[in-house]
Amino acid sequence: ARSDGLEGQVSGARVIAQALKTQDVNYMFGIVGIPVTEIALAAQEVGIRYIGMRNEQAACYAASAVGYLTGRPGVCLVVSGPGLIHGLGGMANANMNCWPLIVIGGSSERSQETMGAFQEFPQVEACRLYSKFSARPSSIEAIPSIIEKAVRSSIYGRPGACYVDIPADFVNLQVNVNSIKYVECCMPPPISMAETSAVRMAASVIRNAKQPLVIIGKGAAYARAEESIRKLVEQCKLPFLPTPMGKGVIRDNHPNCVAAARSRALQFADVIVLLGARLNWILHFGLPPRYQPDVKFIQADICAEELGNNVRPAVTLLGDINAVTKQLLEQFDKTPWQYPPESEWWKVLREKMKSNEALSKALVSFAKFPVPPLQCTFVSSSWAKRTDVELASKKSLPMNYYTVFYHVQEQLPRDCFVVSEGANTMDIGRTVLQNYLPRHRLDAGTFGTMGVGLGFAIAAAIVAKDRNPGKRVICVEGDSAFGFSGMEVETICRYNLPIVLLVVNNNGIYQGFDTDSWKEMLKFGDATTVAPPMSLLPHSHYEHVMTAFGGKGYFVQTPEELQKSLRQSLADTTNPSLINIMIEPQATRKAQDFHWLTQSNL
Ligand code: ADP
Ligand code: MG
């Protein structure tokens, strides 16, 4: 018997934690404070892992990545007002990416509502724009069913973010244990299949295609449709293209992958099978001039409202990607068919891939032997004329993106998670860094969000620790992107996550300046008046952010230093490391000389 008179009582915090655990929610990220600290404590008591982060935004990114990686939503726990508002960025990102996520926000006491309470804010309303479901339980007794509904809504249909608001006075309120009825864990999402007639029609359109193409999106990755999609592609001998996070559903080095001929493939395909990808900016809206005006789209998606967006599809397959792909396979089992490997289309694609790969090889040898920048003049910056400073680099060394990625790719373990963000760092990195497994690439995504990298890396490392011990997480960040959530390095060190962080440092956003040019420029005025807005402090020692918390830090300027520090970082399976890689501050411009690369947005 308890001495505190709470025999048979349970707190609101404990009810929340128990309800989450009952729904098989296993990870909670957040920042504690009034009024949610007790919720985090209760979560740990019931066996939910709690990962304390340094900013709610990063916590929310991490929780959403857990949802994508495991198919079960993670929780982001935030305090009222500003805490919740910081989390909105993560909610928006999750919802845009169609990833499941539960946000639990403390809110001010009900008795003080509208009185100007501490951190009072219309939280349920604020979250509505960023979520599928946003609600406040009417009582502690109602918490289990609201949490069940939030978890269910986050994974049923098109996945997304859900918000549950918890007034401060609920957290420590004690109620009789017997008054709480925990709702059983929701059933796994029902699997919907496409209409048989639509499947038959789709198969016939594919059979009659002259220049077919399969596009694989991150919806296919989320749906765990890798087996069936690989079968379809191999059995029918179809060329395929992954979207950025569709990479790895089928390995990048699969012979049917035509990523190296992306523009050509999109532009001349006459039939496109779209598996879990939206025709948004990432796929140029499915419109000319990037596509044939009369291209036939076979659009498969779990969300009916998505079907027909921006184009009029030839066939729509409403259903789960894995189930729908299996339905298509049945058709091709019944009446076997394969796209002729000797077709003109395959020839065109192969030739294009060969010539692009030759260019790529040229870039790689260029990467092996860094040469002085081809030309380093500024496009049309008036300030440069104003100050009349000659800022061209004189040194032959600063590496360029290709040098860096070539040496990174050389050493990456095949099964590692690759997290990446930044402008050129992400775009060029994606073309060089290979994915061999589904759901192993996490990047700025549909919303193009910068600042996601460290949260994603933390989530991947935590999940890997539980499910695939020893699997590595490599986080490739631009120096600007790193800045958004840089303090999460402390989180990485606190939980001892052996993440390898690479900061590809060009001293700026898009591009920056070397130290000499920066100093020279400051002779002409204060940085607020003369420094281009894209510049960041040159020669910043980001690796010290890591050493400050006990991890390993490396400052590298040459390919040899990069190789060595990466080898050491990968060999160290217990400590996190950060390799600060100095590259040519104007490295972007060279990339543009090889316009086949910048042409490809994938
Ligand atoms: P990408 O960024 O890779 O192009 P998008 O995020 O634009 O991918 O598109 C993913 C699509 O996948 C969304 O339209 C979403 O509704 C859909 N989707 C998510 N899960 C499933 C599933 N299990 N089955 C079918 N479609 C799904
Ligand atoms: Mg940069």
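The values are calculated or read from the model by the stated rules, or taken from the named source; none is laboratory data. What you see is a predicted model, and the numbers here were worked out from it, not measured in a lab. Counting neighbours? That spans all protein chains shown, and the Cβs are built from the backbone with ideal geometry, glycine included. Areas reflect the complete protein model, heavy atoms only, side chains present, ligands, DNA and RNA absent. Shrake-Rupley method; radii C 1.70, N 1.55, O 1.52, S 1.80 Å.
Things to note:
- Selection within region 103-115 - open to solvent by less than 10 Å² (accessible area, probe 1.4 Å) and polar (S, T, N, Q): Ser107
- Restricting Leu279, Leu275 to residues that are within 16 Å of Asp320 (Cα to Cα) and either within 16 Å of ligand 2 (Cβ to nearest atom) or touching a helix residue (DSSP H, G or I) at 6+ places or on another chain (Cβ under 6 Å) (or both) narrows the list to Leu275.
- Of the numbered criteria (1) in contact with a helix residue (DSSP H, G or I) (Cβ under 8 Å, 6 or more places away or on another chain); (2) under 28 Å from Leu433 (Cα atoms); (3) in contact (Cβ under 8 Å) with a residue 40 or more places away in the chain; (4) within 12 Å of ligand 1 (Cβ to nearest atom), the one Ala265 fails is (4).
- Just so you know, in region 221-241 the residues that are in contact with a helix residue (DSSP H, G or I) (Cβ under 9 Å, 6 or more places away or on another chain) and open to solvent by 10 Å² or more (accessible area, probe 1.4 Å) include one that is nearest to Asn208 (Cα to Cα), and it is Lys237.
- Being more than 25 Å from the chain's Cα centre (by Cα) and buried (at least 20 other Cβ atoms within 10 Å of the Cβ) is a description that applies to Ala168.
- Consider region 314-339 and keep the residues that are under 23 Å from Gly286 (Cβ atoms) and of a type in the set (Val, Ile, Thr). The one that is nearest to the chain's Cα centre (by Cα) is Ile321.
- Check on Gly525, buried (at least 17 other Cβ atoms within 10 Å of the Cβ) and of a type outside the set (A, V, I, L, M): no
- Meets criteria (more than 19 Å from Glu561 (Cβ to Cβ) and at pLDDT below 75) for Ser382: yes
- Lys247 meets each of the listed conditions (1) touching a strand residue (DSSP E or B) at 6+ places or on another chain (Cβ under 7 Å); (2) closer than 25 Å to Pro159 by Cα; (3) surrounded by fewer than 19 Cβ atoms within 10 Å (Cβ to Cβ) apart from (3).
- Residue count for region 17-40 under the criterion of being of a type in the set (Ser, Thr, Tyr) and in contact with a helix residue (DSSP H, G or I) (Cβ under 8 Å, 6 or more places away or on another chain): the result is 2.
- Index of the failed condition, Asp466 passing every other in (1) touching a Leu at 6+ places or on another chain (Cβ under 7 Å); (2) of a type outside the set (A, V, I, L, M, F, W, C); (3) open to solvent by 10 Å² or more (accessible area, probe 1.4 Å): (1)
- Failed item in (1) free of Cβ contacts under 8 Å to residues at least 24 places away in the same chain; (2) open to solvent by less than 40 Å² (accessible area, probe 1.4 Å), with Asp4 passing the rest: (2)
- Within region 430-460, the set of residues being among the hydrophobic types (A, V, I, L, M, F, W, C) and open to solvent by less than 10 Å² (accessible area, probe 1.4 Å) comprises Leu433, Leu442, Ala444, Val452, Leu454, Phe456, Ala457, Ile458, Ala459, Ala460.
- Within region 202-213, being more than 34 Å from the chain's Cα centre (by Cα) and of a type outside the set (D, E, K, R) holds for Ser204, Asn208.
- If you go through region 524-536 and keep only what is without any contact (Cβ under 8 Å) to a residue 24 or more places away in the chain and away from ligand 2 (no atom under 16 Å from the Cβ), you end up with Gly525, Asp526, Ala527, Thr528, Thr529.
- Whichever residue in region 48-102 is charged (D, E, K, R) and touching a strand residue (DSSP E or B) at 6+ places or on another chain (Cβ under 6 Å) and, among such residues, is surrounded by the most Cβ atoms within 10 Å (Cβ to Cβ): Glu56
- Considered as a group, the residues in region 535-551 that are crowded, with 18+ Cβ neighbours inside 10 Å and assigned to a loop (DSSP other than H, G, I, E, B) include one that is farthest from the chain's Cα centre (by Cα), and that residue is Pro538.
- Across region 253-304, the number of residues qualifying as among the acidic types (Asp, Glu) and surrounded by fewer than 19 Cβ atoms within 10 Å (Cβ to Cβ) comes to 2.
- Residue within region 490-501 that is under 28 Å from the mean Cα position of the chain (by Cα) and open to solvent by 70 Å² or more (accessible area, probe 1.4 Å) present: yes
- The set of residues from region 469-489 being touching a Gly at 6+ places or on another chain (Cβ under 6 Å) and buried (at least 24 other Cβ atoms within 10 Å of the Cβ) comprises Cys475, Val476, Glu477, Gly478, Ala481, Ser485.
- Those residues of region 487-514 which are within 15 Å of ligand 2 (Cβ to nearest atom) and either of a type in the set (A, V, I, L, M) or without any contact (Cβ under 8 Å) to a residue 40 or more places away in the chain (or both), in sequence order: Leu501, Leu502, Val503, Val504, Ile509
- Strands (runs of 3 or more DSSP E) enclosed by region 266-319 - at least 1 residues per element that are closer than 18 Å to Ile206 by Cα and of a type in the set (Lys, Arg): 296-301
Here is a yes/no grid of residues against (1) surrounded by 13 or more Cβ atoms within 10 Å (Cβ to Cβ); (2) in contact with a His (Cβ under 7 Å, 6 or more places away or on another chain); (3) free of Cβ contacts under 8 Å to residues at least 24 places away in the same chain:
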{"position": "Asp320", "(1), (2), (3)": "yes, no, no"}
{"position": "Lys326", "(1), (2), (3)": "yes, no, no"}
{"position": "Gln331", "(1), (2), (3)": "yes, no, no"}
{"position": "Trp337", "(1), (2), (3)": "yes, no, no"}
{"position": "Pro341", "(1), (2), (3)": "no, no, no"}
{"position": "Val348", "(1), (2), (3)": "yes, no, no"}
{"position": "Met353", "(1), (2), (3)": "yes, no, no"}
{"position": "Ala362", "(1), (2), (3)": "no, no, yes"}
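- Of the residues making up region 125-140, those that are assigned to a loop (DSSP other than H, G, I, E, B) and either within 24 Å of Cys98 (Cα to Cα) or among the small types (Gly, Ala, Ser) (or both) are Leu129, Tyr130, Ser131, Lys132, Arg136, Ser138, Ser139.
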